[in-house]
Amino acid sequence: MEADARRRTGYIDLTGWQSDDAVELNGPWQVIRNKIARPDTFDAQYQGETSTLPDFWYLSKGSLAEGKGWPAGFGVTSYRIKVSLPDNVPRLSLQVEEVYSAYEVWVNGVLLTSKGRVTESPEGAASLYAGSLEPLPNAADLEIVFIASNYEHARGGALAAPVLGPSELLTRSRQLDTLYYVALFGILGGLLLFHVAYFVSSFSTGSHWAHLWFALTIILFILRLALLHEIPFEIVGRNFDVNLKAIEFLVVYLMAPAWLAFFASVFPKEFTPKARILLCVPAIPFVFSAAFLSVYTTTKILPYFLVFTFIWATCQLVLATKAWKNGRPGARAIAISTFVYFITAICDSLFHLILIFPVLWWDLELMPLGFIVVSIGYSLALGEKSTSNYKQSLELTHKLSNLNETLEERVLRRTQEANEARLDAEKSAEEKTNFLAAASHDLRQPVNALSIFNQTLRENAKENLHLSKIAEQQQNIIGSMMKMLETMLDATRLEANIQSALMRPVALQPLFDVLYETLLPIAQQNNVKLSVVPSSRAVLADEKHLHRVLSNLAINAINASKDGKVLIGARPNGQNVNLIVADDGRGISHSDQKRIFERFVRIGDAGQGPSGFGLGLSIVTDLCALMEMQIELKSEPNKGTTFRICAYNAELPTPDNVDIEDLIEPPRLERRLAILVVDDNEEVLDAMVQLIRGWGHAARGVQSIETVIETLE
């Protein structure tokens, strides 16, 4: 009678236990509903109720949430049991699993473990769906107080009894369980790498999308196992309040459409678009609930998802079997492995149904193994498809080899002819480039001499207005000729890849000032208002090339904007500087914008500026590329044109210890000088001597260094 009374009041006698195996402490436990009763207050609050574990709160007619407006299964319960142990018992541990709630475990008045935050109301509650394995103190009698609370899961409660057993035995079992899942993760990880690599290698062909979907399915399955078996807690520890249940359900609900997309990619003829829609649409509300709704709602609809999974897997199995009958390569292996997976999925569904109907119990998790079987089946199917494709490739190779033999001679002959034509073209282009470079260089000498003679003529004809005007016009013509020769020489240098760029910080304001002084007469001849926006910035560029680029663009803008406006300026653009040349002239049509930068292309009238061969913008493009600058064009007919050059921003060096005397311009010399002129070109030499003598100095010309030495001696 005394033993029965003790058993009814929460007592387990294990004095005869040999401790060869673990024991489930299923009860009876002393129970206090709706209150947190820790060891120091348990006796004062206990009213005589007992219960066995598992304890399904949501199935109780007298729900814990009754009268509080909470869903069934919400609430808190305190359990207590006393255990008598045999003498010389080994070190024991207590294992707690399947607790869909927050909980505390007290042993002999000391807090052994705490997961989440136990409360008597939803305020401040925090669930942590993680089990624990904790060593127990050495004592002949144990008083265990187990407190659980749930305010988010639709099926809360103590769903499994704590297990008492030798620490070594429980630790080894836990290690074997971990090893089992590590092996599964290793196999799944290898399959994942294989399918990702296979998909990437065949990406250019646009085929084998099934590998991508299967890889995604493997990723989701790995996440599902990791979350279900507390891998995140094993990695980063268990002593934090994090709820991963919603993420777990989201992963589970996403697996259905991903798996369907995989099968549809393997058998597109059987999985018609209509079938895909019919099978994918039911998964949408489940995914939505896991992503946006509460955990209570997500877990509440879990039974419906199990029903949907059963229907979905059945349809998938039927369609895979149909593909097998239709003779699709690999369909047999996929259908058989899918059937195995289907059976394991049903077994795991029955395991989860204990949360709905406790009379059903299935203590195995076979779906991971089923997933491995499916993966192997798909690999076999891939082998069958590869074999079939290989045979087809052999047949096609045999047919192509015959055709290739007849084409090889033609290809060889055509290749030789093409190489000969290419060599001739390259030789012709090189000869043309060399000729133009030499001709333009040689032509510059007489033109330069002509310019100097004309300058002498202008000096001597200052008092004769008629001759002075003629000399002025003649100088303009000579300048145009020199401009065209310089353009041709630059073009040939760029084409021959012998032009270089000396990149250094260039201040924009001095460059703009020179451009303004140079271009203002041309702008006035065209009645164009030339404006330069002051700038204190500097860019990294070759100053000579940059001057040439902006000068060409500005002259084109002046010629295109008669009676209009032309603007030159700079604008910061992050780490860069945009150099802008804009006008409000006639603009450029969209068809001409595609060819405006080509060589020998001239669009519109030349205006009053220097004419040329249509090489200006081509040289601009080549020089910008040489200086690693980007040039952009924006233009609308009759609305003007804007050229934008993107250059690297630069900082000007700060001069140190500059001698003030170096900054003073040397005084102009007033006395008559004796000047020795050296030039290897006779025409240029004579012109310079005549010009200097016209200035009132004594001048003598020589053509070599040896003559210079003799003259000086």
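Descriptive notes on the structure:
- Condition broken by GLN95, with the remaining ones in (1) open to solvent by 10 Å² or more (accessible area, probe 1.4 Å); (2) over 22 Å from PRO39 (Cβ atoms); (3) not aromatic (Phe, Trp, Tyr) satisfied: (2)
- Whether a residue is at pLDDT below 60, surrounded by fewer than 16 Cβ atoms within 10 Å (Cβ to Cβ) and not small (Gly, Ala, Ser) was assessed, and VAL236 passes this test.
- Region 535-568, residues that are under 40 Å from the mean Cα position of the chain (by Cα) and open to solvent by less than 10 Å² (accessible area, probe 1.4 Å): ALA538, VAL539, ALA541, LEU546, VAL549, LEU550, LEU553, ILE568
- In region 28-40, the residues that are in a loop (DSSP other than H, G, I, E, B) and either closer than 11 Å to THR77 by Cα or open to solvent by 50 Å² or more (accessible area, probe 1.4 Å) (or both): ASN34, LYS35, ILE36, ALA37, ARG38, ASP40
- The requirement of being open to solvent by 10 Å² or more (accessible area, probe 1.4 Å), closer than 24 Å to ALA246 by Cβ, of a type outside the set (Gly, Ala, Ser) and not in a loop (DSSP other than H, G, I, E, B) is not satisfied by GLU143.
- Looking only at residues in region 572-615 that are surrounded by 13 or more Cβ atoms within 10 Å (Cβ to Cβ) and among the basic types (Lys, Arg), the one that is modelled with the lowest pLDDT is ARG602.
- Considering residues of region 146-163 that are assigned to a loop (DSSP other than H, G, I, E, B) and aliphatic (A, V, I, L, M) only, the residue modelled with the lowest pLDDT: LEU159
Here is a yes/no grid of residues against (1) β-branched (Val, Ile, Thr); (2) under 24 Å from ARG155 (Cβ atoms):
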{"position": "LEU250", "(1), (2)": "no, yes"}
{"position": "LEU254", "(1), (2)": "no, yes"}
{"position": "GLU270", "(1), (2)": "no, no"}
{"position": "ARG276", "(1), (2)": "no, no"}
{"position": "CYS280", "(1), (2)": "no, no"}
{"position": "VAL287", "(1), (2)": "yes, yes"}
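- Screening VAL182, VAL196 for residues that are open to solvent by 60 Å² or more (accessible area, probe 1.4 Å), closer than 24 Å to ILE372 by Cβ and without any contact (Cβ under 8 Å) to a residue 12 or more places away in the chain leaves exactly one candidate, VAL182.
- Any hit, region 154-162, residues being within 40 Å of the chain's Cα centre (by Cα), surrounded by fewer than 22 Cβ atoms within 10 Å (Cβ to Cβ) and aliphatic (A, V, I, L, M): no
- Contact annotation: residue pairs with Cβ atoms under 8 Å, 6 or more positions apart or on different chains, pairing a residue in region 620-633 that is at positive phi with a partner that is modelled with pLDDT of 85 or more, are GLU628/TYR648.
- Every condition in (1) modelled with pLDDT of 75 or more; (2) more than 24 Å from LEU508 (Cβ to Cβ); (3) open to solvent by less than 50 Å² (accessible area, probe 1.4 Å) is met by VAL684 except one, and the failing one is (1).
- Taking the conditions (1) closer than 18 Å to THR77 by Cα; (2) more than 40 Å from the chain's Cα centre (by Cα) in turn, SER127 satisfies each one other than (2).
- Of note, SER173 does not satisfy the criterion of being more than 40 Å from the chain's Cα centre (by Cα) and under 19 Å from GLY73 (Cβ atoms).
- The single condition among (1) buried (at least 17 other Cβ atoms within 10 Å of the Cβ); (2) more than 30 Å from LEU293 (Cα to Cα); (3) of a type in the set (Ser, Thr, Tyr) that SER101 does not meet is (2).
- Scanning region 98-113 for residues that are modelled with pLDDT of 90 or more and either farther than 22 Å from ALA72 by Cβ or not aromatic (Phe, Trp, Tyr) (or both) yields GLU104, VAL105, TRP106, VAL107, ASN108, GLY109, VAL110, LEU111, LEU112, THR113.
- Residues satisfying the stated conditions in region 50-61, i.e. at pLDDT below 90, open to solvent by 50 Å² or more (accessible area, probe 1.4 Å) and either more than 23 Å from ALA154 (Cβ to Cβ) or not hydroxyl-bearing (Ser, Thr, Tyr) (or both): PRO54, LEU59, LYS61
- Among residues of region 470-529, those that are charged (D, E, K, R) and at pLDDT 80 or above, counted: 4
- Picking from residues in region 673-699 that are of a type in the set (A, V, I, L, M, F, W, C) and assigned to a helix (DSSP H, G or I), the one that is nearest to GLU459 (Cα to Cα) is LEU691.
Residue-by-condition table, conditions (1) more than 30 Å from ALA226 (Cβ to Cβ); (2) open to solvent by 40 Å² or more (accessible area, probe 1.4 Å); (3) not in a loop (DSSP other than H, G, I, E, B):
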{"site": "ALA44", "(1), (2), (3)": "yes, yes, yes"}
{"site": "GLY48", "(1), (2), (3)": "yes, yes, no"}
{"site": "TRP70", "(1), (2), (3)": "yes, yes, no"}
{"site": "GLY73", "(1), (2), (3)": "no, no, no"}
{"site": "LEU112", "(1), (2), (3)": "no, yes, yes"}
{"site": "GLU134", "(1), (2), (3)": "no, yes, yes"}
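- Among residues of region 101-117 being in contact (Cβ under 8 Å) with a residue 60 or more places away in the chain and within 43 Å of the chain's Cα centre (by Cα), the one that is farthest from TRP70 (Cα to Cα) is LYS115.
- Failed criterion for THR77 (all others in (1) among the β-branched types (Val, Ile, Thr); (2) farther than 22 Å from ALA154 by Cβ; (3) in a strand (DSSP E or B) hold): (2)
The values are calculated or read from the model by the stated rules, or taken from the named source; none is laboratory data. Treat the numbers as computed from the prediction; the structure is a model and nothing was measured. Counting neighbours? That spans all protein chains shown, and the Cβs are built from the backbone with ideal geometry, glycine included. Side chains are part of the model used for accessible areas, which takes the heavy atoms of the whole protein and leaves out ligands, DNA and RNA. Shrake-Rupley method; radii C 1.70, N 1.55, O 1.52, S 1.80 Å.
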